[in-house]
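Step one of this worksheet: look at the structure below.
The values are calculated or read from the model by the stated rules, or taken from the named source; none is laboratory data. Model, not experiment: these values are computed from the prediction. A quick note on method: Cβ atoms are made from the backbone with ideal geometry, for glycine too, and the neighbour counts reach across all protein chains shown. All accessible areas refer to the heavy atoms of the entire protein, side chains included, with ligands and DNA or RNA removed. Shrake-Rupley method; radii C 1.70, N 1.55, O 1.52, S 1.80 Å.
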Amino acid sequence: TTVCGRGIIDGNDFVWGQHAPNMLTITGSHVTVKDIIIRGAASWTVPVTNCRDVVIDNIKILGGRAQNDDGIDIVNAQNVLIKNCFIRTDDDCIALKGMQKPPADKNVEGITVENSILWCDRARVFLLGHESRAPYMRDIQFRHISIIHFSMVPFLLEPGENMRLENVLFRDISLYG
């Protein structure tokens, strides 16, 4: 399945706290999302939940108008590649969560974020492990990233409820507070 084009998905009419829907929810396997603009989310912008083999390429997320407007939330997913993106949010730009308990295929692993520009107005740029109950989160790479604005710590590694966080690599990260 592919979602692509030169269009804009606009959520500016959604009101935070009034059951605002996610802008683009990915729940399948072998999904590609590329070349779109998403603006004005009032909740998680792009949740990637219970998926395998997902590519998110060259999307622009223009948030920052509502709290809890996370950019991309990877939840119990495997083999996810995020590349060539611009993400501006009020809340976390990229969050990895293992919110569901086992079976083993509900872990978070094989995640790569590369060649992207990130801007977070209020929370963390990268949040790993918060609200997590899966046994592990592993094989995660962040490389060639420019963080052009942040107010809190840009990286929060917080494995929850005894979840193991293994083999995490940050390489060539530029910070411009």
Members of region 59-78 found to be in contact with a Lys or Arg (Cβ under 8 Å, 6 or more places away or on another chain), open to solvent by 50 Å² or more (accessible area, probe 1.4 Å) and in a loop (DSSP other than H, G, I, E, B), listed by number: Gln67
Residue in region 151-165 that is among the β-branched types (Val, Ile, Thr) and within 19 Å of Ser29 (Cα to Cα) present: no
Failed item in (1) touching a strand residue (DSSP E or B) at 6+ places or on another chain (Cβ under 9 Å); (2) over 30 Å from Asn162 (Cβ atoms); (3) not polar (S, T, N, Q), with Ile82 passing the rest: (2)
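The rows are residues; the columns are (1) part of a strand (DSSP E or B); (2) in contact (Cβ under 8 Å) with a residue 24 or more places away in the chain; (3) more than 16 Å from Asn167 (Cα to Cα).
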| site | (1), (2), (3) |
| --- | --- |
| Asp92 | no, yes, yes |
| Gln100 | no, yes, yes |
| Val113 | yes, yes, no |
| Leu118 | yes, yes, yes |
| Ser132 | no, yes, yes |
| Met137 | yes, yes, no |
| Ile147 | yes, yes, yes |
Search result, residues across region 79-102 that are open to solvent by 10 Å² or more (accessible area, probe 1.4 Å) and of a type in the set (S, T, N, Q): Asn79, Asn84, Gln100
Subset of region 123-177 [more than 17 Å from Thr89 (Cβ to Cβ), of a type in the set (Val, Ile, Thr) and either within 14 Å of the chain's Cα centre (by Cα) or open to solvent by 60 Å² or more (accessible area, probe 1.4 Å) (or both)]: Ile140
Residue among Thr25, Thr32, Thr45 that is among the hydroxyl-bearing types (Ser, Thr, Tyr) and closer than 16 Å to Val113 by Cα: Thr32
Identity of the residue in region 1-57, more than 19 Å from Val75 (Cβ to Cβ) and basic (Lys, Arg), that ends up least open to solvent (accessible area, probe 1.4 Å): Lys34
